[in-house]
Amino acid sequence: MEELRLYRKRFIPQELLHLKDDIILVMEPDLIITKWKTIHPRHDIARGISAYYPSKGLKVSKLYDAQDRVVYWYCDIIQVKTEPDKNAVIIEDLLIDVVLYEDGNIRILDLDELAVALEQKLITQDEATYALRTVNSLLHLIYGGQFHALQEAVNRAE
């Protein structure tokens, strides 16, 4: 059987990138776990482990620096599309991100990009609505002290 291919689709900037160097650790119907190194060199992070939760619309990543210290947890709002005939999974980044720092601080990123993508019709109204509802559900989990449930799969895969 042909190996599964993962792709990341971004709307801003528009790109479809084959994640050919990502290593798939777990492949289940509602959980994909990968480990990876940054595609482009960065001063702040060097590698990560990510758990994709297709039914939740989330990618939860634990990011490490070059000294193997946890820098932060990064959550992408996503939607997953499959192309079984091509043995491909396409992870569409719906722009909104949530960063959880080790000190407990939280940042919500790229709401402005969501607005631009909607204005320029790069995404649909339904996709934008889905992204907003998904980030709202994620924030309820975080503020309710339940984020650990999403972290467990990543921590087990290490």
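Given the criteria more than 12 Å from the chain's Cα centre (by Cα), β-branched (Val, Ile, Thr) and under 18 Å from residue 147 (Cα atoms), does residue 116 qualify?
no
Taking segment 15-48, which residues are of a type in the set (A, V, I, L, M) and either farther than 22 Å from residue 81 by Cβ or part of a strand (DSSP E or B) (or both)?
Within segment 15-48, 16, 17, 23, 24, 25, 26, 27, 31, 32, 33, 45, 46 qualify.
From (1) in a strand (DSSP E or B); (2) touching a residue at least 60 places away in the same chain (Cβ under 8 Å), pick out the condition that doesn't hold for residue 3.
Residue 3 satisfies all of (1) in a strand (DSSP E or B); (2) touching a residue at least 60 places away in the same chain (Cβ under 8 Å) except (1).
Every residue in segment 100-141 that is surrounded by 16 or more Cβ atoms within 10 Å (Cβ to Cβ), touching a Leu at 6+ places or on another chain (Cβ under 8 Å), aliphatic (A, V, I, L, M) and within 14 Å of residue 75 (Cα to Cα), please.
Passing the criteria: 131, 138, 141.
All of the numbers you see were taken from the coordinates with simple rules; none came from a lab. Note that this is a predicted model, so its numbers are computed, not measured. When we count neighbours, we look across all protein chains shown, and the Cβ atoms used for this are built from the backbone with ideal geometry, even at glycine.
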